[in-house]
1. Longer than 19 Å from Cα to Cα, which of Lys87/Lys114; Lys92/Lys114; Lys246/Lys347 are they? Say none if no pair is.
2. Taking R0 as 45 Å, what FRET efficiency do you get between Asn126 and Asp243 from their Cβ-Cβ distance, rounded to the nearest 0.05?
3. Select from Ala272, Ala84, Ala70 the residue whose mean-square fluctuation is largest in a Gaussian network model of the chain (Cα-Cα springs shorter than 10 Å).
4. From the phi angles alone, apply the Karplus equation (6.51, -1.76, 1.60; θ = phi - 60°) to region 326-342 and give each ³J(HN,Hα) in whole Hz, x where the residue is Gly or Pro.
5. Translational diffusion coefficient of region 66-119 at 20 °C, 1.002 mPa s, Stokes-Einstein with Kirkwood Rh over Cα pairs, in µm²/s as a whole number.
6. Work out, step by step, the length gained on full extension between Arg57 and Gln185: first 0.36 nm times the residue separation, then minus their alpha carbon distance; give nm to one decimal.
7. Residue separation times 0.36 nm, minus the C-alpha to C-alpha distance between His291 and Met78: what's the value?
8. Go ahead and set up a Gaussian network model of the chain, Cα springs under 10 Å, then flag whichever of Gly38, Gly229, Gly76 fluctuates most.
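No lab work stands behind these numbers, since they all come straight from the coordinates. In this text, all values refer to a predicted model and were calculated from it rather than measured experimentally. In this analysis, Cβ positions are derived from the backbone assuming ideal geometry, glycine residues included, and neighbour counts consider all displayed protein chains.
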Amino acid sequence: MQIQDRINQLRRQFSDHQIDAILISQPENLYYLSGCEGLEGHLLITADQAVIVTDFRYVEQAQRQSPEYALFRISGKMAEWLPALFKDHHIKSLGFESGFATVAFFEQLNTNLKTLPSGPILVPVNGLVENLRAVKDEEEIGAIEKAAHLTDAVLAHIAKFLAPGLTELQVAWEIEKYLREHGSQSLPFELIVAAGPNSALPHARPSDRPIKAGEPILVDLGARCNFYGSDLSRTFCLGQPNDTFKKIYDIVLKAQMMAIENLQPGMTGAEADALARRVISEAGYADSFGHGLGHGIGLVTHENPRVSLNSNDILSEGMVFTIEPGIYISDWGGVRIEDDIVIENGKIRVISSARK
């Protein structure tokens, strides 16, 4: 999808929210709507104009990467440049990203707008751009797929690298090193390598604890390619897994496959979540699966849609999200199996392919 199409999609939402324009400040939304990499500043989008508001550092870059936009160069405090920015736009109601803006930013913006003759009133809006981002175009899906394939490769590498006595931190560093050496941009989130009882913590941080044979080793990692990220989890066991590991692993894998094979576009996130949750509940581990089944991935690790117990998000064509059931047992450990999927041509396609 072209940048201009995204801008027009956003404009079509103005009337529903009773705004004449919107000020975009959230970094990922700045990139999504402008194509300007690493841009700091704001986008002012009205019914007929689109303006990048930024300082000297990004002026030339914005001119090159965002030809759809006029450029408004700023310096100094907001009070010094804001009157000139709004002078010719005749905006009565200005939307701002209430889910991102700090109280300090809101107060600063509101105070300065009140100094203007017929200055616009501020209208809090939340999720307008994020909802657009939930549906990916071919280029975005391609970027996520590239990141997922890189993650598949590092999981295959780590399966051979793992050995008793290595610490969680050593394994995490090997993963990060491999990702960066093979083309990943900055990692989309902090890696998880958790062994034994530590793997019972869904968001454990790698420690200097040595890995032992026979225990669960939960690895959660992602790559970032062309600014879009992947998110995969696998649970390993060195040596001969015991009966507990086999049992828990089989339940989690069955739950994941139940969701992947039966999920359909048009379902809510809650209905999709129930497909896997039912398997785990019937096996007697309802209380050990405490997070949602999945989440959207893209420019950030957790974005729309939400695939969880109480989600009303409708799963539709072009959405890319994770399917990641898990069971976590205190003092023993946990098992999570996570893949990235896309709804494509009315069907579910699994993007990731790392061995389970």
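1. Violating the 19 Å Cα-Cα cut-off are Lys246/Lys347.
2. 0.40
3. Taking springs between Cα atoms under 10 Å, the residue moving most is Ala84.
4. x, 10, 10, 10, 4, 6, 10, x, x, 10, 9, 10, 10, 10, 9, 10, 10
5. Translational diffusion coefficient: 170 µm²/s.
6. Here the segment from Arg57 to Gln185 would lengthen by 43.9 nm.
7. 72.5 nm
8. Largest GNM mean-square fluctuation: Gly76.
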